[in-house]
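The values are calculated or read from the model by the stated rules, or taken from the named source; none is laboratory data. All of these numbers come straight from a predicted model, not from anything done at the bench. Here the Cβ positions follow ideal geometry from the backbone for every residue, glycine too, while neighbour counts run over all protein chains shown.
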Amino acid sequence: MRINVIGYGTVGKAQSFLLKRLNHEVFIFDPYVFPCIKQPHRDVDLTFVCVPEHAVEETVQNLIEWQVKGFYVVKSTIKIGTTKKLMEKFGVHISHNPEFLREHYAFEDVLNPSRIIIGQCCNAHGEKLVELYEPLKKPLYVTDSTTSEAAKLLSNAYLSMLITFWNEAWAFSQKAGLNVEKIAELLREDGRISPYGAVKFGQPFEGKCLPANLDMLIAGFQEAGLNPVLFEAVREFNLRLKAQSNV
């Protein structure tokens with residue numbers, strides 16, 4: 001297939017790398033990285049949108065104005081319900097296909113995903129994306145875009161919660177004179193307890209994804225009239241730990 005990749009940051013680079021490995025013809029468009037390229041290719045089968053969340057709507061609008069053919073697939077992490085709203089606003093087919101990449105291992109992760117989630121806009125385009133990813137021979141889940149958006153945000157919120165769990169255990173151990181590493185070792189013997197986050201005790205979660213995604217999820221809860229007590233506590237503890245680390 002002929003495929004555009006809009007945005008050449010961590011996600012765009014990894015997606016371009018994957019698509020080339022799968023023998024697709026890939027066209028990269030990012031005016032900040034390649035200023036000489038004024039607009040993406042028009043005659044393509046689909047376009048992956050890999051830009052920051054705040055630029056997704058403008059990017060979709062530009063693609064329409066440039067009359068880029070095919071359908072659009074947002075890989076960006078966005079607020080729950082965004083894809084559906086964009087489809088209703090612009091009257092075009094847009095799917096959501098979240099990424100689950102570690103920032104420093106993006107090329108490795110894109111070739112070996114734990115699962116691939118396709119939030120399809122319609123059956124025809126969902127089948128196209130299934131066909132694209134099938135050569136990876138990894139678990140494929142086809143759902144609606146709102147579910148895929150929620151899966152991405154809740155996945156990262158869960159990881160943030162695990163890091164905070166171990167950091168809070170570490171904070172208590174510091175006061176109580178306990179060996180948190182030994183405690184973690186004993187807890188990990190229970191297969192139900194995830195070891196994720198039990199590595200660098202006392203270090204807040206940072207980077208481009210986890211804090212921003214948690215903020216996005218909390219905002220979504222609040223807009224729905226809900227009080228996300230657990231997620232707000234995770235954010236508050238992490239901010240406090242970060243402030244202490246910077247002292």
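What is the residue count in region 49-79 for residues that are more than 24 Å from L214 (Cα to Cα) and touching a residue at least 24 places away in the same chain (Cβ under 8 Å)?
11
Evaluate region 201-209: report whether one residue or more is within 30 Å of T82 (Cβ to Cβ), among the basic types (K, R) and crowded, with 19+ Cβ neighbours inside 10 Å.
No, region 201-209 contains no residue that is within 30 Å of T82 (Cβ to Cβ), among the basic types (K, R) and crowded, with 19+ Cβ neighbours inside 10 Å.
Limited to region 86-105, what total is found for residues that are surrounded by 15 or more Cβ atoms within 10 Å (Cβ to Cβ) and either within 11 Å of the chain's Cα centre (by Cα) or of a type in the set (D, E, K, R) (or both)?
Total meeting the criteria: 6.
Output the residue which, of all residues in region 146-193 that are in a helix (DSSP H, G or I) and among the charged types (D, E, K, R), is nearest to E88 (Cα to Cα).
E149
Taking the criterion of being within 30 Å of H125 (Cβ to Cβ) and not assigned by TED's automatic domain parsing to the domain that holds A124, would at least one residue in region 159-176 satisfy it?
Within region 159-176, one or more residues are within 30 Å of H125 (Cβ to Cβ) and not assigned by TED's automatic domain parsing to the domain that holds A124.
A quick yes/no check of all residues on (1) touching a helix residue (DSSP H, G or I) at 6+ places or on another chain (Cβ under 6 Å); (2) among the small types (G, A, S):
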{"site": "P135", "(1), (2)": "no, no"}
{"site": "K138", "(1), (2)": "no, no"}
{"site": "K152", "(1), (2)": "no, no"}
{"site": "G177", "(1), (2)": "no, yes"}
{"site": "R192", "(1), (2)": "no, no"}
{"site": "Y196", "(1), (2)": "yes, no"}
{"site": "E223", "(1), (2)": "no, no"}
{"site": "A233", "(1), (2)": "no, yes"}
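Is it the case, given these coordinates, that I3 is outside any helix (DSSP H, G or I), more than 21 Å from A151 (Cβ to Cβ), modelled with pLDDT under 95 and in contact with a strand residue (DSSP E or B) (Cβ under 8 Å, 6 or more places away or on another chain)? Let's see the steps before the verdict.
On the way: outside any helix (DSSP H, G or I): yes; more than 21 Å from A151 (Cβ to Cβ): yes; modelled with pLDDT under 95: no; in contact with a strand residue (DSSP E or B) (Cβ under 8 Å, 6 or more places away or on another chain): yes.
Judged against the criteria, I3 is not a match.
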